[in-house]
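Asker: Here it is, the structure, as structure tokens.
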Amino acid sequence: MEKCPFNEKLKCDKCRLLRRGVRFYEGNPNPVPVEVCVFIHIAECLENQIMRSIGEQKATEQTRNEMMQMNTLFQGLANQKGLKA
């Protein structure tokens, strides 16, 4: 582990901010053991949440664009048939 920014004399294994556990990663079905400072863990969780939000926004925008294209197609077909959309 890196040096603690709060107390350089305290060893990580005695720190109350140390978290031990496992993580699951995409594409890897096996859990990976981790030991990490809670502040690093919080930052990683926040970063992951932001990346998921960005991915969801892109998917929503793509769906909206496809729906607009489909609407344009159907309006064009309706205009060719002489129907009012």
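The values are calculated or read from the model by the stated rules, or taken from the named source; none is laboratory data. Please read all numbers here as calculations on a predicted model, not as lab measurements. Note that each Cβ is placed from the backbone with ideal geometry, even for glycine, and that neighbours are counted across all protein chains shown.
Asker: Within the range 40-85, track down each residue that is modelled with pLDDT of 90 or more and outside any helix (DSSP H, G or I).
Answerer: Of everything in the range 40-85, nothing turns out to be modelled with pLDDT of 90 or more and outside any helix (DSSP H, G or I).
Asker: Still on this structure, please answer the following. Go through (1) surrounded by 12 or more Cβ atoms within 10 Å (Cβ to Cβ); (2) modelled with pLDDT of 85 or more; (3) of a type outside the set (D, E) and name the single condition N30 misses.
Answerer: If we test N30 against (1) surrounded by 12 or more Cβ atoms within 10 Å (Cβ to Cβ); (2) modelled with pLDDT of 85 or more; (3) of a type outside the set (D, E), just (1) comes out false.
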